[in-house]
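This report concerns only the one structure given below.
The values are calculated or read from the model by the stated rules, or taken from the named source; none is laboratory data. Please read all numbers here as calculations on a predicted model, not as lab measurements. No Cβ is skipped: glycine too gets one built from the backbone with ideal geometry, and neighbour counts run over all protein chains shown.
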């Protein structure tokens, strides 16, 4: 069976991830490099592991999380769709079972809020993990004068944690935002679509999505 470590060491995936970030840097987007992809992989796996899913589903989720953004090497527009196809073909060449690579393809193809939604346990966990990564470490621009609103909001987030409360059937995104940099309302202005997508993903897993910002429950 193809495992997570095999995917990390794959030369094609390494090159696609490198060039995806190179292209996004030119376009002025926030960071989508190995740091983001590893974090999404870990958080998505944590979601299913905490909910008691089996080891195989968790491994597929880790892989989907790690390679979900390789489509940015093609173009930012429709990157979820192109990334899903790239992932399917690479995993096929690596010898992954057709059912498994189809699950990963489906999750990657549905992770972007513009065109996707939770269609499986793997895709729901991927969405929750991906949309939870708001943090100042994602801002690659050094000159604050060049920040757009996305940069400003991400830079204002000093702490981001995704937690599962199995007893109360909740998934909680706990953020700390420096309001000297931007007001909390700016987070909703920028990330409302992502928040709605996270709510639907949580519902797919039988959970309620809760958003806490600066110790205040806002959803």
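Within region 64-82, the set of residues being more than 19 Å from residue 101 (Cβ to Cβ) and outside any helix (DSSP H, G or I) comprises 75, 76, 77, 78.
Residues checked against (1) modelled with pLDDT under 95; (2) over 22 Å from residue 97 (Cα atoms); (3) touching a strand residue (DSSP E or B) at 6+ places or on another chain (Cβ under 9 Å):
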| residue | (1), (2), (3) |
| --- | --- |
| 8 | no, no, no |
| 17 | no, yes, no |
| 26 | yes, yes, no |
| 30 | yes, yes, no |
| 40 | no, yes, no |
| 52 | no, yes, no |
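Here is a yes/no grid of residues against (1) under 19 Å from residue 53 (Cα atoms); (2) at pLDDT 95 or above; (3) assigned to a helix (DSSP H, G or I); (4) within 19 Å of the chain's Cα centre (by Cα):
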{"residue": "84", "(1), (2), (3), (4)": "no, yes, yes, yes"}
{"residue": "107", "(1), (2), (3), (4)": "yes, yes, yes, yes"}
{"residue": "114", "(1), (2), (3), (4)": "no, no, no, yes"}
{"residue": "140", "(1), (2), (3), (4)": "no, no, no, yes"}
{"residue": "154", "(1), (2), (3), (4)": "no, no, yes, yes"}
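Scanning region 24-35 for residues that are assigned to a helix (DSSP H, G or I) and surrounded by 17 or more Cβ atoms within 10 Å (Cβ to Cβ) gives a single hit, 24.
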